[in-house]
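For reference, the structure discussed in these notes is given below.
The values are calculated or read from the model by the stated rules, or taken from the named source; none is laboratory data. In this text, all values refer to a predicted model and were calculated from it rather than measured experimentally. In this analysis, Cβ positions are derived from the backbone assuming ideal geometry, glycine residues included, and neighbour counts consider all displayed protein chains.
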Amino acid sequence: MKPSELKRINRLADRRYSDPCGFSNEQARELSFLSHEIGRQIGLLINRQGKPEMILVGDPSSIYIPELPRARQSEGRLRGLRLLHTHIAGDNLSEEDLMDMVFLRLDSVTVMASDSHGEPDFVQYAYLLPPGSSEKAYEQLPPSRWDRADIDLPAQIKALEDEFRRADRTRDTTDKRERAIVVSVSTDPKSIQERSLDELEDLADTAGLKVEGRLVQRIKKLNPKFIMGKGKLAELEVLALQADAEVVLFDQELSAAQMRNLAKLTERKILDRTQLILDIFAQHATTRAGKLQVEMAQLKYTMPRLVGKNRAMSRLMGGIGGRGPGETKLEIDRRRITDKLTKLGNELKKISKQRGFTRERRARAGVPVVSLVGYTNAGKSTLLNTLTNSIVLAEDKLFATLDPTSRRIRFPMDKELILTDTVGFIRQLPKELKEAFRATLEELEAADVLLHVCDSSHPEVDEQIEAVEKIITDMDLGEVSSILVLNKWDQLNDEQRELMQNSYPHGIPASALDRRSLNNLVEKIMEALEKVGASPR
């Protein structure tokens, strides 16, 4: 590029583009002729005072916008910058122009097209739309003559931010939880994805997130860079913008590269299902063993993602996805993390050995053990409390119980047994947790009878029962005597009860909150113990 052309380009920064349409006739001609002469697109990022903050020079067919400072967090949610740029081939707004507007949250994008002589030909505008105003994410105005543009950009931008703020005021301002959008990108049918997202929303609620929207995409093949296509990403970004969501939560596990790319593109905190479950476990771990197991799982998840600070890993500085030991591990090198994992593994072995001694003492005492298993939030802890008159934490949330709890229970005629509650199962349990919680689930190996508690009122009860039975089989516990407890029986109508009894004829109807409904279950437990030769002492 000639020095004289560079000087002319630099002089563009001294102009003030404060006309209602975004430029004056003189400025339009100057931009169009200069772009035509150098054979490149020219772009200006202009603030709301009409002053260019950045001048961009591209190639003949495109323009590259470098990484911008973080979007302002005060008034509204638009960035406070608009893009005015040229098209020397006379083209309309391109898909790339619109994507830049969406991902950078620009106030507007304006393209000025020139003819073959470098004269301004036409101008075209586009801007984002506030929530609920249209099914589209943005408004793209038709091209018009460059000297007859009928738009007042400052007034349009002010009206947009007023609409965004008005939508904000309709939300519950007393709810201080982080807002999130849940996303599923999979090859599975959409019906399966929707049900999985229902469970993800429950997990998000347990973690302390407020879900403001969801997006589902069924694809043939996952995008290795972003997991989804750029067009769908734009739709997701607009959805998050309209919901003022700080977090995008994916139902699938993301690779380290996908997480970095998404965080850089959207400027939002990116979490996946694994991170969310790890965070819930970090919140609910109370015993030494539980905390060690969570720390071990978080370190294993974090280690391959230690590539420097970015928005994806900002969770390590606190908030959802950043509780527990992960807060200080970002800058620790892999060797130190490996050493830490070795140390944690040794400590867990000691705890596992101590639990083994406890189980041996129980065996010598001749007290049989009955272990509660089941899908998370099926009512295991509530059943334990009712049977033993205990006060173990029981909430209507996923993973309310994490650490194993054992209680001695006495029946009539001085008969005793030990009832043990374990962590709830879930589909797609992170592989880091499967290994880390092996010590917790060792309690099941000492069980004489397993009580498989299911939520009979749940719409996916069949899938949940199947998931639990698969985990039990994977743990080589399929030979242990098992009793299926059809919990929450009181929440079913007559038709649903008949259907459940036909599907699971050996299941025992019960309501964990109603002690009187458990008499039949207690009798079945006694019978099962007698069959395996472990009658209550």
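Please verify whether Glu469 is assigned to a helix (DSSP H, G or I) and modelled with pLDDT under 95, treating the condition exactly as stated.
So Glu469 fits the description; yes.
Among the residues of the range 245-261, what is the count of those that are assigned to a helix (DSSP H, G or I), in contact with a helix residue (DSSP H, G or I) (Cβ under 7 Å, 6 or more places away or on another chain) and of a type outside the set (D, E, K, R)?
Residues of the range 245-261 assigned to a helix (DSSP H, G or I): 256-261.
Subset that is in contact with a helix residue (DSSP H, G or I) (Cβ under 7 Å, 6 or more places away or on another chain): 256, 259-260.
Add one more test, that the residue is of a type outside the set (D, E, K, R), and what stays is 256, 259.
Selection size over the range 245-261: 2.
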Subset of the range 197-237 [in contact with a helix residue (DSSP H, G or I) (Cβ under 9 Å, 6 or more places away or on another chain) and assigned to a helix (DSSP H, G or I)]
Leu200, Leu203, Ala204, Thr206, Ala207, Lys230, Gly231, Leu233, Ala234, Glu235, Leu236, Glu237
Matching residues in the range 83-117 - criterion: being under 28 Å from the mean Cα position of the chain (by Cα), among the hydrophobic types (A, V, I, L, M, F, W, C) and more than 21 Å from Asp152 (Cβ to Cβ):
Leu98, Met99, Val102, Phe103, Leu104
State yes or no: is Ala71 modelled with pLDDT under 90, over 34 Å from the mean Cα position of the chain (by Cα) and among the aliphatic types (A, V, I, L, M)?
no
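Which residues, taken from the range 36-59, are over 39 Å from the mean Cα position of the chain (by Cα) and without any contact (Cβ under 8 Å) to a residue 60 or more places away in the chain?
Scanning the range 36-59 gives Ile38, Gly39, Arg40.
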Under 7 Å by Cβ, and 6 or more places apart or on different chains, what pairs join a residue from the range 367-386 that is aromatic (Phe, Trp, Tyr) with one that is assigned to a helix (DSSP H, G or I)?
Tyr375/Gln464; Tyr375/Ala467; Tyr375/Val468
Within the range 413-427, can one find any residue that is on the phi < 0 side of the Ramachandran plot, surrounded by fewer than 21 Cβ atoms within 10 Å (Cβ to Cβ), at pLDDT 70 or above and out of contact with any helix residue (DSSP H, G or I) (no Cβ under 7 Å at 6 or more places or on another chain)?
yes
If you go through Asp272, Asp279, Asp244, Asp251, the only one that is in contact with a Gly (Cβ under 7 Å, 6 or more places away or on another chain) and either farther than 22 Å from Leu104 by Cβ or surrounded by fewer than 19 Cβ atoms within 10 Å (Cβ to Cβ) (or both) is Asp279
Scan the range 244-303 for residues that are in the same structural domain as Val211 (by TED's automatic domain parsing), out of contact with any strand residue (DSSP E or B) (no Cβ under 7 Å at 6 or more places or on another chain) and free of Cβ contacts under 8 Å to residues at least 40 places away in the same chain and jot them down.
Ser255, Ala257, Asn261
Pairs, please: C-beta under 8 Å, at least 6 apart or cross-chain, first residue over 12 Å from Ile46 (Cα atoms) and in the range 1-27, second among the small types (Gly, Ala, Ser)?
Pro20/Ala155; Cys21/Ala149
From Glu347, Glu331, Glu395, grab the single residue that is farther than 30 Å from Glu463 by Cβ, at pLDDT below 80 and surrounded by fewer than 19 Cβ atoms within 10 Å (Cβ to Cβ).
Glu331
Filter the strands (runs of 3 or more DSSP E) completely within the range 1-118 down to those with at least 3 residues that are out of contact with any helix residue (DSSP H, G or I) (no Cβ under 9 Å at 6 or more places or on another chain).
42-47
Name every residue in the range 502-537 that is over 21 Å from Ala446 (Cβ atoms) and in contact with a Pro (Cβ under 8 Å, 6 or more places away or on another chain), in order of residue number.
Ser517, Asn520
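If you check Lys470, Lys488, which single one turns out to be in the same structural domain as Asn377 (by TED's automatic domain parsing), surrounded by 19 or more Cβ atoms within 10 Å (Cβ to Cβ) and basic (Lys, Arg)?
None of the others qualify; the one that does is Lys488.
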